Amino acid sequence: MINLLIMGKPGAGKGTQSTRLLEYYHLTHISTGDIYREEMAKNSAIGKLAKQYIGKGELVPDDVTNDIVKNVLSTKKFPNGFMLDGYPRTAAQAVALDEMLKELGISLTAVINVEVDDKVLLERMAGRRVCPSCNATYHISFHPPVKDNVCDVCGTVLIQREDDLEESVLNRLRIYNEKTKPLLDYYKKKGLLFVVNGERPKDEVFNTILQRIGD
Ligand code: AP5
Ligand code: MG
């Protein structure tokens with residue numbers, strides 16, 4: 001069983017690498033960002049609440065996010081392990097996750113930190129387009145879909161995330177530095193942290209991670 005956690009600033013490539021890793025290791029993807037986007041699309045109570053925070057680039061309150069992850073971890077099957085993407089991102093979430101894993105009797109295999117400079121991130125986010133149906137991610141210059149603005153995987157028309165507007169991205173970066181960055185030390189002290197240069201091409205980033213995790 002391989003249980004991975006992927007961390008990094010907004011736009012570092014967590015989703016991009018997660019998709020590849022979960023295919024390779026047959027892992028179950030748990031992305032809190034994807035869960036919130038699905039709830040917002042359904043206009044559910046959680047979606048409505050999340051929308052108030054996400055549009056501005058703020059974090060959804062810890063108790064709401066912790067409850068969601070707890071529910072997923074206790075109900076979803078992950079026969080080969082899981083890939084946590086975008087969670088935890090505060091100290092309170094990291095502590096909550098430790099408790100959840102202890103209760104389930106499972107441990108983390110590694111924590112991957114995808115490192116990218118802020119300037120590169122702003123460019124990535126401005127050009128990012130996402131599929132609202134299957135969550136595939138594109139970039140208008142670096143990774144365009146075959147047919148303009150249409151998802152290669154499922155044929156849905158691509159959209160731009162509302163939190164990818166520059167003002168929101170800058171706020172997400174500020175919050176990352178304040179709330180999420182300190183967690184790197186937390187996992188370093190546990191001997192779980194592995195840093196990869198996320199400015200390298202996607203395949204290279206992926207291969208570096210594979211070398212580290214092994215088979
Ligand atoms: P979330 O969806 O997790 O957003 P994020 O952390 O800001 O990360 P992104 O999804 O924007 O970026 P990514 O690292 O996945 O990059 P991607 O692979 O797409 O969360 C959204 C919001 O939900 C949060 O702001 C918050 O409000 C809320 N939320 C979520 N989790 C929460 C939690 N735990 N607690 C509280 N609130 C929470 O890549 C980006 C672009 O770069 C793409 O266009 C891609 O094609 C391109 N790219 C990727 N890799 C490369 C490469 N190596 N070279 C060139 N281009 C690349
Ligand atoms: Mg993502």
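Looking for whichever is under 25 Å from Asn113 (Cα atoms), open to solvent by less than 90 Å² (accessible area, probe 1.4 Å) and of a type in the set (Gly, Ala, Ser) here; the options are Ser168, Ser133. Which one fits? Step through it out loud before you land on a result.
On the way: Ser133 fails: under 25 Å from Asn113 (Cα atoms).
Going through Ser168, Ser133 in turn, the sole match is Ser168.
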Q: Select from segment 41-60 the residues that are open to solvent by less than 50 Å² (accessible area, probe 1.4 Å) and more than 17 Å from the chain's Cα centre (by Cα) and write down the one among them that is nearest to ligand 1 (Cβ to nearest atom).
A: Gly47
Q. Got a sec? Which of Lys9, Lys77, Lys70 is open to solvent by 40 Å² or more (accessible area, probe 1.4 Å) and modelled with pLDDT under 95?
A. Lys77
Q.
Out of everything in segment 189-203 that is in a helix (DSSP H, G or I) and out of contact with any helix residue (DSSP H, G or I) (no Cβ under 7 Å at 6 or more places or on another chain), what residue ends up being farthest from Asp117 (Cα to Cα)?
A. Lys189
Q.
Just the residues that are farther than 21 Å from Tyr36 by Cβ, touching a residue at least 60 places away in the same chain (Cβ under 8 Å) and open to solvent by 10 Å² or more (accessible area, probe 1.4 Å), please, taken from segment 80-100.
A. Asn80
Q. Among the residues of segment 157-165, is there at least one that is away from ligand 1 (no atom under 13 Å from the Cβ) and at pLDDT 95 or above?
A. yes
Q) Among the residues of segment 179-203 satisfying the criterion of being within 13 Å of ligand 1 (Cβ to nearest atom) and more than 17 Å from Val120 (Cα to Cα), which is surrounded by the fewest Cβ atoms within 10 Å (Cβ to Cβ)? A) Asp203
Q | Residue that is surrounded by the most Cβ atoms within 10 Å (Cβ to Cβ) [pool: residues in segment 101-121 that are modelled with pLDDT of 95 or more and of a type in the set (A, V, I, L, M)] | A | Ile112
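The values are calculated or read from the model by the stated rules, or taken from the named source; none is laboratory data. All values derive from a computational prediction rather than experimental measurement. As a convention, Cβ positions derive from the backbone with ideal geometry for all residues, glycine included, and neighbour counts pool all protein chains shown. With ligands, DNA and RNA removed, areas are computed over all heavy atoms of the protein, side chains included. Shrake-Rupley method; radii C 1.70, N 1.55, O 1.52, S 1.80 Å.
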